[in-house]
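Written below as structure tokens is the structure these notes are about.
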Amino acid sequence: MDGHDSNDPIYAQDRGYKEGELTPLSRFKFVSPGFLSTLSSHRTPLITGRDLTWTDIYNKRPVVVVSEKLAREQWQNPSAAIGKRIRVASTDDWREIIGVAGDIYDDGVGKPAPSVVYGPVMVDRYEGQKETVRRDLAIAIRSPRAGSQALMNEIQHAV
């Protein structure tokens, strides 16, 4: 929703690819635990599996959550994606899919939901880098008081 997109092809370990074949691009978002539930209007963003945890992040476990659209494109059924492994480049670690989240229309409700990979904010061996720590920050807050000056004042005070 901030207009900053990171899009890369993903390769699934259980698929065969022809030399030079590129897969469709997927959007990559690096998030912390609770991000998906904050954006979900029903508070149940996971279709199957589990969310990322702080233990996953601090231990730099090679795990990801993917969107329902991506799971259906690759494996036809969201539950079939659990335990599968994906990566971006041949030098990257394989990352196990631990959860499938409902699609989020962050390009606008009039546009199709993108295929998304939600990864931890700290990872090893991603896009050829030994270690990556995301330092950009987007905060999502769900409140019935959204848009009110009182809520903005509380947020500014807390920050």
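Miscellaneous remarks
- Any hit, segment 132-146, residues being modelled with pLDDT of 85 or more, surrounded by 12 or more Cβ atoms within 10 Å (Cβ to Cβ), closer than 17 Å to D8 by Cα and basic (K, R): no
- Looking across segment 71-81, the residues that are surrounded by 18 or more Cβ atoms within 10 Å (Cβ to Cβ), within 15 Å of Y11 (Cα to Cα) and not aromatic (F, W, Y) come down to A71, Q74, A81.
- Only one of the listed residues (D103, D93) is over 15 Å from F28 (Cα atoms), at pLDDT 80 or above and not hydrophobic (A, V, I, L, M, F, W, C). That residue is D93.
- Residue count, segment 24-43 (criterion: closer than 17 Å to R87 by Cβ and either aliphatic (A, V, I, L, M) or modelled with pLDDT under 80 (or both)): 2
The values are calculated or read from the model by the stated rules, or taken from the named source; none is laboratory data. Quick caveat, the model's predicted, so the values are computed rather than measured. So basically every Cβ, Gly included, is an ideal-geometry build from the backbone, and we count neighbours across all protein chains shown.
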